[in-house]
Amino acid sequence: MSIQEIAQAVEELKRDQALSLVEQALNDGTDPAGIVQNGIVGGLEGIGKRFEAEEYFLAELMMGGKISQACIDLVTPHLPDSAGAKAGVVVIGAVEGDLHDIGYGLVATQLELNGFEVHKIGVNIPAMTFIDKAKEKNADIIGLSAFLVTTIPNCNELIDYLRDMGLKDKYKVIIGGTETSQDKADAMGADGWAKNAVGAVDLCKRLMASKK
Ligand code: B12
């Protein structure tokens, strides 16, 4: 059994096989983070490629999302926990127009496991709702997830609002999602970008250290 087989089962939308391979890998003591990143997320990448090649369509994309979430739910209880003082408060969600929640869900889980208090506020969230939530929860960091070229400008919008409201220094804004990059983050004045959930934890830790 290899992690590659999990990726393949996810990519081929074989739900039962994917779930039992994940279970088997966990029982064999395979690193849970590796199962997620190389197995499940690897499979989703394959699905994305087939979608681009018009081999898969929206129905397959949706099925892939559901299968992956079920696999991630199996792995989550096995991810290593870090006890200790609260590392910081993060409000995270998908920006207006964006319905992709698997990626930021993984970021939220990793942050929680690393001692952050995380408030997941959902998908298709308008900029002002992020800001209101950040105020309500006294957040340190606002995490914006954007997977589409058409939704990335909504990250800019939120940063512009924070500037106009004189709140740009109060909240650190980080972005992530397939079509985002460090360059895009820099261009819009975000405080950081991360490629994946592990990178997001490092980033948030660094930002919290710079706040102190
Ligand atoms: C599953 C999926 C869907 C599912 C989402 C299900 C769900 N509940 O999330 C559904 C079916 C809903 C969907 C819909 C659409 N999708 Co879609 N989808 C995907 C797919 C295959 C996987 C995305 C995913 O969840 N990956 C798994 C995560 C875990 O992987 P990840 O990106 O590595 O995640 C990490 C980082 O992104 C980062 N991260 C994520 N968020 C954040 C936030 C912060 C703050 C930080 C720091 C880091 C961070 O950390 C994550 C964890 O490690 C991608 C293909 C791809 N390669 O991304 C297309 C993809 C994103 N979708 C695409 C498209 C076109 C669509 C649709 C427009 C299709 C349509 N015709 O309707 C709709 C748009 C819906 C909408 N308004 O949002 C395109 C986008 C292309 C573009 N240039 O904009 C992609 C790239 C597919 C493709 N290759 O064409 N999709």
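Taking region 1-24 as the range and being assigned to a helix (DSSP H, G or I) and closer than 25 Å to LYS195 by Cα as the test, the residues that pass are ILE3, GLN4, GLU5, ILE6, ALA7, GLN8, ALA9, VAL10, GLU11, ALA18, VAL22. For region 56-71, which residues satisfy the criterion of being more than 6 Å from the ligand (Cβ to nearest atom) and either in the same structural domain as LEU207 (by TED's automatic domain parsing) or open to solvent by 30 Å² or more (accessible area, probe 1.4 Å) (or both)? PHE57, ALA59, GLU60, MET63, LYS66, GLN69, listed by residue number.
Within the set LEU106, LEU74, LEU111, LEU79, the sole residue that is away from the ligand (no atom under 13 Å from the Cβ) and either closer than 30 Å to GLN24 by Cα or not aliphatic (A, V, I, L, M) (or both) turns out to be LEU74. Scanning region 125-139 for residues that are assigned to a loop (DSSP other than H, G, I, E, B) and open to solvent by 10 Å² or more (accessible area, probe 1.4 Å) gives PRO126, ASN138. Against the list (1) part of a helix (DSSP H, G or I); (2) in contact (Cβ under 8 Å) with a residue 60 or more places away in the chain, the condition VAL90 fails is (1). Summed over region 157-182, the residues that are closer than 23 Å to LEU106 by Cα, more than 7 Å from the ligand (Cβ to nearest atom) and not in a loop (DSSP other than H, G, I, E, B) give a count of 4.
The values are calculated or read from the model by the stated rules, or taken from the named source; none is laboratory data. Remember, predicted model here, so these are calculated numbers, not experimental data. Cβ coordinates were reconstructed from backbone atoms using ideal geometry, including for glycine residues, and neighbour counts include every protein chain displayed. When the accessible area is computed, the model is the full protein with side chains, heavy atoms only, and any ligands, DNA or RNA have been set aside. Shrake-Rupley method; radii C 1.70, N 1.55, O 1.52, S 1.80 Å.
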